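Everything on this sheet refers to the single structure shown next.
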Amino acid sequence: MKEFERGNVRTVGLFAHGGAGKTSLAEAMLFSSGAVTRLGKVDEGTSVLDFEPEEKKRVSSVSTGFCHFEHAKCLFEVIDTPGDPNFVAEARNATRAVDIGMFVVDAIDGVKVLTDKLWKESEDCLQARFIFVSKVDRERANFEETLSNIQTVLGVQPCPITIPIGLESAFKGVVDLLKMKALVYEMDGSGKYNEQDVPADMAEAAEDARRQLVEAVAESNDELLEKYLEEQEISPQEITDALREGVKSGSIVPVLTGSSIRNVGIKPLLDVIANAGPSPLDRAPAKGVDKDGKETERASAEDAPFSALVFKTISDPFRGKLSVMRIMSGKLHGDSNVFNSTKESKERIGQLLMITGENTESINPAGVGDIVAVAKLKETTTGDTLSAEADGFQLSALPKASPVISFALTPKSKGDEDKLMTALNRLLEEDVTLNVRRDEQTGEFIIEGMGQVHIETTLEKMKRKSGVEVNLSAPKVPYLETIRKTVKAEGKYRKQAGGRGQYGWCWIELSPLDISAGVEFEFEDAIKGGAIPNTYIPSVEKGVIDRMKKGVLAGYPVKYVKVKLYDGKYHDVDSSDMAFQIAGSLGFKNGAEQASPTLLEPIMLSEVTVPSDSAGDVIGDLNRRRGRLLGTDSVGANQIIKANVPLAEMLRYSPDLDSITSGRGMFTMEFDHYEEVPANIQEKIVAESKMVEDEEV
């Protein structure tokens, strides 16, 4: 692959809520540039970027896609991110790897929840942001309303560069406001068009849009502003140059429009990115720390020391693990050594690859701004920084995503248990939002992810790549048991069967602890006069703690209890460590049964982001889940609802939220505290636990 001057490189990320048409836009870019000979269609399963079987099945992206091509003497390196909230972490990571964010907003539904969220989250890391208004050829499309929606929700003044000629079935091209020409397309997907004068019925609207464009670029350049105020002629090149400066500074957000599946309006979009989009050399210095942990910066320059951010890992069946990175500074050569600053280990770089769909192309060297993949790095994972050997520069970390749904996991075949862990470890390398753990309380293997679709897709991949199938079930809720009143109890263990016997006798007092204080267990030694020798007091405590692992109500661990050992008896010959452990265990069991035992359930702090028109339904649903509303905030056209909700009611919340909001809602949750389970629900849980015990017996 030929080398490009760094000033002629454009790294572009496509971002939007699912269904806006990001992948279709990437396919149209590839075809318009001549990189492929056929216009890929997501709906027809011919997409270059959505090539995974799981993506073809769902007709949507489930992982980040990559492509590169040449246009107008510029190298475009494009990242197509998923628009499903289940895979939002991939989009967040990609914002760190590109200089230009292309946000796709369809002309029917406007700015959706995830688009708004990514826009706001990307403010600090994207060099420039563009907007492409898609689907203007579809029924109910409204370009002007979409511009108004963009301004209201995203809080920016959109600056149209192209406007549509007609809408819905009457759509036939765009007016290029830079050239003030109408581009009338053949509408057959070829991308061919005729350049004509602006239609008479659009002349006034086009002149008004052109005037707004000139005003916007003039305000970003003092010389142009003076010429504009003096009503002097401003050349197209002056407008383009000023547009580039405004885009780079973030003061101008260009808006272009078209139809990706018809390949209309794509070439003007590429032209504007090539002419007005920033290059890697325009990027602000990357923030990080040096080898001593001090904050520092690294210039985005060719002559700076090498550094790269690994923002994606791919499990490739032929090449093994591929680490995809953005070169933040300097150059990277194949067959070289680098330093993993995050893991503090050396890595050997082999061949450098640029990805388009499922295909790769060799490149050497890779320069600042390039997005390249390297196979079989030993220690490197997503989020790591690679730097010049022993340089130690470490970039700021990628944002962390908290799982929102979990399932219990068991292999369908008992012989697959060992294979299961190997397969899961490969998936964990590829997907940093996935988590697998063994629940110490329930003994189950738990897989956690960003949503039901995320988990199901992950396991489909595992079956395809590793041949391992599993059964999924709702995980057990980690209930706890505690007591509600103070009692005194006796623990007596005496056994004589010839020879030395066993003798241990203790009196203990059980009392509840304040759950909000966070102290789970307290043991007090109140023995006086040597009623129990000091040697055996820890034995009583050990027996109590062991018995607390399984409560008397439903077999859940007991917490938030204070135990005071205040009396007892011993035998010079028959007493032993084990005897007093058993006595302590019996004493606790006897006391817990009398101390008004009760169940506690985990309460989650949930934050749900939904369109305002769905907020009432979502709040009602949270109330039905025994949720306690903490407050709401308005952010643009969305509502952020905060509530405390029992975990038992949130295990399958993700698909329910999708149903209520038509897939437009998002939520996060984290553990907050424990609360007592309501009596009617507690009775049901206890009854179910008794049934399980009976079955096991």
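Which of the following residues is open to solvent by less than 20 Å² (accessible area, probe 1.4 Å) and either in a helix (DSSP H, G or I) or within 30 Å of residue 592 (Cα to Cα) (or both): 443, 491?
Details: 443 fails: open to solvent by less than 20 Å² (accessible area, probe 1.4 Å).
Sole residue among the options that is open to solvent by less than 20 Å² (accessible area, probe 1.4 Å) and either in a helix (DSSP H, G or I) or within 30 Å of residue 592 (Cα to Cα) (or both): 491.
Answer with yes or no whether residue 150 is under 24 Å from residue 31 (Cβ atoms) and either free of Cβ contacts under 8 Å to residues at least 60 places away in the same chain or among the β-branched types (Val, Ile, Thr) (or both). For residue 150, the condition - under 24 Å from residue 31 (Cβ atoms) and either free of Cβ contacts under 8 Å to residues at least 60 places away in the same chain or among the β-branched types (Val, Ile, Thr) (or both) - is not met. Evaluated against (1) open to solvent by less than 10 Å² (accessible area, probe 1.4 Å); (2) assigned to a loop (DSSP other than H, G, I, E, B), residue 322 falls short on exactly one condition, (2). Of all residues in segment 607-660, those satisfying the criterion of being polar (S, T, N, Q) and over 20 Å from residue 672 (Cα atoms) are 612, 614, 634, 638, 639, 659.
How many residues are outside any loop (DSSP other than H, G, I, E, B), more than 12 Å from residue 621 (Cα to Cα) and open to solvent by less than 50 Å² (accessible area, probe 1.4 Å) if we restrict to segment 653-676?
Start the filter on segment 653-676 by keeping residues that are outside any loop (DSSP other than H, G, I, E, B), which leaves 653-661, 666-676.
Filter once more, keeping what is more than 12 Å from residue 621 (Cα to Cα): 654-655, 658, 666-676.
From what's left, open to solvent by less than 50 Å² (accessible area, probe 1.4 Å): 654-655, 666-667, 669, 673-674.
Total satisfying the criteria: 7.
If you check 122, 63, 134, 47 for being in contact with a strand residue (DSSP E or B) (Cβ under 9 Å, 6 or more places away or on another chain) and more than 26 Å from residue 310 (Cβ to Cβ), only one passes: 134. Could you list, in sequence order, all residues of segment 148-182 that are farther than 21 Å from residue 217 by Cβ and more than 36 Å from the chain's Cα centre (by Cα)? If the condition is that a residue be farther than 21 Å from residue 217 by Cβ and more than 36 Å from the chain's Cα centre (by Cα), then 165, 166, 169, 170, 171, 172, 173, 182 are the ones that fit. Of all the listed residues (390, 366), the sole one being among the small types (Gly, Ala, Ser) and within 13 Å of residue 324 (Cβ to Cβ) is 366.
Looking across segment 371-394 at every residue that is open to solvent by less than 50 Å² (accessible area, probe 1.4 Å) and assigned to a strand (DSSP E or B), the one that is farthest from residue 284 (Cα to Cα) is identified as 375.
Within segment 174-197, the presence of at least one residue that is open to solvent by 40 Å² or more (accessible area, probe 1.4 Å), in contact with an Asp or Glu (Cβ under 8 Å, 6 or more places away or on another chain) and within 25 Å of residue 27 (Cα to Cα) is confirmed. Each residue in segment 332-350 was checked for being closer than 19 Å to residue 319 by Cα and either touching a residue at least 60 places away in the same chain (Cβ under 8 Å) or open to solvent by less than 80 Å² (accessible area, probe 1.4 Å) (or both), and 5 of them qualify.
Determine if segment 45-61 includes at least one residue that is hydrophobic (A, V, I, L, M, F, W, C), surrounded by fewer than 22 Cβ atoms within 10 Å (Cβ to Cβ) and within 30 Å of residue 463 (Cβ to Cβ). Quick ask: steps written out before the conclusion?
Quick first cut of segment 45-61, residues hydrophobic (A, V, I, L, M, F, W, C) only: 48-49, 51, 59.
Checking the rest, the ones that are also surrounded by fewer than 22 Cβ atoms within 10 Å (Cβ to Cβ) come to 51, 59.
Keeping just the survivors that are within 30 Å of residue 463 (Cβ to Cβ) gives 51, 59.
The answer is yes, given that some residue of segment 45-61 is hydrophobic (A, V, I, L, M, F, W, C), surrounded by fewer than 22 Cβ atoms within 10 Å (Cβ to Cβ) and within 30 Å of residue 463 (Cβ to Cβ).
When you scan segment 212-232, how many residues do you find that are within 16 Å of residue 254 (Cβ to Cβ) and open to solvent by 100 Å² or more (accessible area, probe 1.4 Å)? Walk me through it before giving the result.
The initial filter retains those residues of segment 212-232 that are within 16 Å of residue 254 (Cβ to Cβ), namely 212-221.
From the residues that got through so far, the ones that are open to solvent by 100 Å² or more (accessible area, probe 1.4 Å) too are 219.
Number of matching residues: 1.
Scanning segment 233-291 for residues that are open to solvent by less than 40 Å² (accessible area, probe 1.4 Å), touching a residue at least 60 places away in the same chain (Cβ under 8 Å) and in a loop (DSSP other than H, G, I, E, B) yields 252, 258, 260, 263, 265, 277, 278, 279, 283.
Scanning segment 395-432 for residues that are closer than 18 Å to residue 461 by Cβ, open to solvent by 60 Å² or more (accessible area, probe 1.4 Å) and in a helix (DSSP H, G or I) turns up 419, 421, 422, 425, 426, 429.
Taking the condition small (Gly, Ala, Ser) and touching a strand residue (DSSP E or B) at 6+ places or on another chain (Cβ under 7 Å), does residue 155 pass? Answer is no for this residue.
Return yes when residue 619 is modelled with pLDDT of 95 or more and aliphatic (A, V, I, L, M) and no when it is not. So residue 619 fits the description; yes.
Selection of segment 495-530 for residues being over 53 Å from the mean Cα position of the chain (by Cα) and exposed (fewer than 15 other Cβ atoms within 10 Å of the Cβ) yields 495, 496, 497, 498, 499, 500, 528, 529, 530. Among the residues of segment 113-137, those that are at pLDDT 95 or above and either under 17 Å from residue 163 (Cβ atoms) or among the hydroxyl-bearing types (Ser, Thr, Tyr) (or both) comprise 130, 131, 132, 133, 134, 135, 136, 137.
The set of residues in segment 5-17 being open to solvent by 30 Å² or more (accessible area, probe 1.4 Å) and in a loop (DSSP other than H, G, I, E, B) consists of 5 alone. When only residues in segment 446-487 that are assigned to a strand (DSSP E or B) and surrounded by fewer than 20 Cβ atoms within 10 Å (Cβ to Cβ) count, which is modelled with the highest pLDDT? Across segment 446-487, the extreme among qualifying residues is 487. Could you please let me know if residue 302 is part of a loop (DSSP other than H, G, I, E, B), at pLDDT below 95 and open to solvent by 60 Å² or more (accessible area, probe 1.4 Å)? So residue 302 passes the test.
Any idea which residue in segment 198-211 is most open to solvent (accessible area, probe 1.4 Å), counting only those that are part of a helix (DSSP H, G or I) and in contact (Cβ under 8 Å) with a residue 12 or more places away in the chain?
Initial filter on segment 198-211 (part of a helix (DSSP H, G or I)): 200-211.
Okay, now just the ones that are also in contact (Cβ under 8 Å) with a residue 12 or more places away in the chain, so 202, 205-206, 209-210.
Details: 202: 26, 205: 59, 206: 0, 209: 13, 210: 41 Å².
The residue in question is 205.
Name the residue that is nearest to the chain's Cα centre (by Cα), counting only residues in segment 9-65 that are among the polar types (S, T, N, Q) and over 23 Å from residue 85 (Cα atoms). Steps first, please.
Filtering segment 9-65 for residues among the polar types (S, T, N, Q) gives 11, 23-24, 32-33, 37, 46-47, 60-61, 63-64.
Going one step further and asking which of them are over 23 Å from residue 85 (Cα atoms), we end up with 11, 32-33, 37, 46.
Values: 11: 21, 32: 32, 33: 31, 37: 34, 46: 27 Å.
Ranking the qualifying residues of segment 9-65, first place goes to 11.
The values are calculated or read from the model by the stated rules, or taken from the named source; none is laboratory data. Note that the structure is predicted; figures quoted are calculated from it, not measured. Cβ sites come from the backbone with ideal geometry, for glycine too, and all protein chains shown count toward neighbours. Please note that ligands, DNA and RNA were not included when accessible areas were found on the heavy atoms of the full protein model with its side chains. Shrake-Rupley method; radii C 1.70, N 1.55, O 1.52, S 1.80 Å.
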